[in-house]
1. According to a simple spin-label model (label point 7 Å from Cα along Cα-to-Cβ), what is the distance in nm between residue 50 and residue 79?
2. Just list whichever of 25/62; 107/163; 25/80; 58/154 have alpha carbons separated by over 24 Å in the model shown.
3. Under 1.5 on a/c is rounded, so check that first for the stretch 19-64, then, if it is not, pick prolate when a/b is larger than b/c and oblate when it is not; a ≥ b ≥ c are the square roots of the alpha carbon gyration tensor eigenvalues.
4. Quick one: 3J(HN,Hα) in Hz for the stretch 46-53, Karplus 6.51/-1.76/1.60 with θ = phi - 60°, rounded, Gly and Pro as x.
5. Which of rounded, prolate, oblate describes the stretch 1-114, given a ≥ b ≥ c as roots of the alpha-carbon gyration tensor eigenvalues and a/c under 1.5 marking rounded, otherwise prolate only if a/b is larger than b/c?
6. HN-Hα J couplings of the stretch 80-93 from phi, Karplus 6.51/-1.76/1.60, θ = phi - 60°, integer Hz, Gly and Pro as x?
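Since every read-out is calculated from the coordinates, none of them should be taken as a lab result. Just so it is clear, the structure is predicted and the values come from calculations on it, not from any experiment. No Cβ is skipped: glycine too gets one built from the backbone with ideal geometry, and neighbour counts run over all protein chains shown.
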Amino acid sequence: MALLQPTVSVNRVTDITAELIRAMKADTILLDVDNTLATHGSQEPFEGSIEWAHSMRKSGLKIIIVSNNYPDRVAPFAEKYDLPFLCRAYKPLPSGYRRAAGIVGAKRRQVVVVGDQIFTDIIGANVSGMKSILLVPEKEEDSLSFRIRRRLEKPLRRKLERKGIHLPARKQRREGIV
């Protein structure tokens with residue numbers, strides 16, 4: 001389970017505070033895009049997420065967007081946030097996480113990976129020696145591969161909840177846990 005277990009879990013990216021990141025002994029955030037900053041495939045950011053990113057950077061934290069998507073998806077999105085980005089990261093392989101940390105000059109032990117998927121974001125963070133924050137997905141994706149991954153995540157998220165890892169208010173109602 002440790003490979004599949006996040007350090008922390010919250011509802012949305014905007015629930016993350018600079019104090020939480022510092023309490024995790026970190027100074028850098030690697031952000032996923034889909035279902036972290038916007039719904040899958042959308043170029044429309046979640047409400048308050050751009051302001052959140054600016055606030056986090058103002059507090060002295062380094063942030064970079066890390067995605068498996070292509071530049072035509074990620075570049076215009078990162079521009080809205082005024083953030084550096086790494087696309088084609090091949091998550092959960094550790095090379096993308098390490099490259100992203102290198103781009104912003106971060107030590108991997110001081111990095112927190114933020115995303116909504118256990119099988120990419122959380123596993124990748126754990127095998128890379130980084131901390132992680134698991135988010136509750138805003139919207140279920142349509143593709144078969146996503147539906148399969150979400151179905152496989154259900155029992156893992158339940159187990160995390162029983163272990164006391166915070167799986168908050170929405171309690172993954174879209175995933176049928178409540």
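1. Going from the residue 79 label point to the residue 50 one covers 1.3 nm.
2. Violating the 24 Å Cα-Cα cut-off are 107/163; 25/80; 58/154.
3. Taking the square roots of the gyration eigenvalues as a ≥ b ≥ c, the stretch 19-64 is prolate.
4. 4, 4, x, 6, 5, 4, 4, 4
5. Rounded is the answer for the stretch 1-114, as its axis ratio a/c remains below 1.5.
6. For the stretch 80-93, the Karplus curve yields 4, 8, 6, 10, x, 8, 10, 10, 6, 7, 6, 4, x, 4 Hz.
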